[in-house]
1. Under the condition of being in contact with a helix residue (DSSP H, G or I) (Cβ under 7 Å, 6 or more places away or on another chain) and among the polar types (S, T, N, Q), which residue from the stretch 79-101 is surrounded by the fewest Cβ atoms within 10 Å (Cβ to Cβ)?
2. Any residue at all in the stretch 91-102 that is closer than 17 Å to K181 by Cα, touching a residue at least 24 places away in the same chain (Cβ under 8 Å) and assigned by TED's automatic domain parsing to the domain that holds G187?
3. Out of the residues in the stretch 152-176 meeting the condition of being without any contact (Cβ under 8 Å) to a residue 60 or more places away in the chain and in contact with a strand residue (DSSP E or B) (Cβ under 7 Å, 6 or more places away or on another chain), tell me which one is surrounded by the most Cβ atoms within 10 Å (Cβ to Cβ).
4. Considering only residues that are more than 17 Å from the chain's Cα centre (by Cα) and not in a helix (DSSP H, G or I), look in the stretch 351-380 and name the one that is modelled with the lowest pLDDT.
5. Considering each of R198, R116, R111 in turn, give the residue that is basic (K, R), surrounded by 17 or more Cβ atoms within 10 Å (Cβ to Cβ) and within 21 Å of W58 (Cα to Cα).
6. So for the stretch 183-190 (the condition being without any contact (Cβ under 8 Å) to a residue 40 or more places away in the chain, touching a strand residue (DSSP E or B) at 6+ places or on another chain (Cβ under 6 Å), closer than 22 Å to E86 by Cα and surrounded by 23 or more Cβ atoms within 10 Å (Cβ to Cβ)), does at least one residue qualify?
7. Which of the residues that make up the stretch 160-184 are part of a strand (DSSP E or B) and more than 30 Å from G289 (Cβ to Cβ)?
8. Go through (1) crowded, with 21+ Cβ neighbours inside 10 Å; (2) of a type outside the set (D, E, K, R); (3) touching a residue at least 40 places away in the same chain (Cβ under 8 Å) for Y349 and report which single condition fails.
Amino acid sequence: MLLRERGSEVSMFDFLFPNHPFGGHTLRLVAQAQQGGGDVFDIARAMKGVEAGDKDAWERAWLELAEKTEARATQALAAGHQRTAEQYFFHASNYYRMSDVLLTIAEEPKRRERFRKAQEHFRAALKLHEPKIEIVTVRCGNEEYDGYFCHPVNPKPGKWPAVLFLGGADAYAEEIYFGGKPMLDRGWAMLLVDTPGRGSSIYLKGIKTRPDYEVPGKACIDYLVSRPEVDPNRIALLGISMAGYYAPRVAAFEQRLKALVAWSGCYSVLDDLYDFCAHLQPVCQRLLGGVSHEEARRRLKEFTMAGIAKNITCPTLITHGDKDTLMALEGAKKLFAEIGAKDKTLKIYDQSDGGGRIHCSHDYWAHNLPYMLDWLEERL
């Protein structure tokens, strides 16, 4: 649908910044809004006066919306309207996150402040939320990772199936909750953890990302197995975006997984992400501890599934869009080809699907997410 203004065509979806890096961030939030992570019309109003490429205007717009939404949450809570307060706290958390996504390494103190605000409001919502979402700690050697153990909605009698949901490069546990929420509606528990390079681990603790993600991955699976409510024989792993590398890497070394889903697949972080998408290079440099371009390229050579993918034997699903501009489709194809599992599926969204062709199929969540979860349900 198009709106006409002074003889020119203006798309009603201009706030999504088509054909600009801003668009990936807004699409991601619009997708999460379907699961309670924001309001599409508030998002559109906030972005109305922001020109593509104007980072200062972007930051101001999200901060203003976050603060306004925070005030609404506080007012609702004071009036005793807990469900309304919960909704606004969840929205405010994601809006504070949006205000930090374009900040540079030099603005790290500001980024930490925004993260704390996002986390604070997410946890304020948890106090009002049913079923329970527990704040947990996962220990891995000398490191401790913050996370959330989310109880399922109306689980069946007996122990619960559970999914470890890993986020990508700049995602943190509070944000990806909204992408994983439909799993709870299916009666599965969900574990969200800020593993190395993500969320509180990088913002507050300085725990950098690492190529051997099987190490923190094992610690997360150990935690799930330790929970008396969880069925240790019905644990799955789902990784989104850059976790399309992290999750397969874990699965290659972990025999306790019932199934694996890569929500966008990645064979080599250097080839399929860093060199493929220039505007993500500063993000990767920050995840590695604020290193130079040359040092990032050197270190990222180790972030590969070469010689490892063949060890993945659990049922595996990879979904990817054929117009993904953040992670190379060829990497997903290469990963799929080398995976050793007999039960494996590669779903590539193309023109025939009518959507889902962009990174993580953010424009197709109402279709791709049920597809992935149906596939998972048949194996859990």
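1. Here the residue is T84.
2. no
3. Within the stretch 152-176, the match that is surrounded by the most Cβ atoms within 10 Å (Cβ to Cβ) is A173.
4. For the stretch 351-380, the residue satisfying everything is G354.
5. Of the residues listed, the single one that is basic (K, R), surrounded by 17 or more Cβ atoms within 10 Å (Cβ to Cβ) and within 21 Å of W58 (Cα to Cα) is R111.
6. There is no residue in the stretch 183-190 that is without any contact (Cβ under 8 Å) to a residue 40 or more places away in the chain, touching a strand residue (DSSP E or B) at 6+ places or on another chain (Cβ under 6 Å), closer than 22 Å to E86 by Cα and surrounded by 23 or more Cβ atoms within 10 Å (Cβ to Cβ).
7. Across the stretch 160-184, the qualifying residues are W160, P161, A162.
8. Here Y349 meets the rest and fails (3).
The values are calculated or read from the model by the stated rules, or taken from the named source; none is laboratory data. This one's a predicted model, so the numbers in the text were calculated from it and none came from an experiment. Note that we place each Cβ from the backbone using ideal geometry, even for glycine, and neighbour counts take in every protein chain shown.
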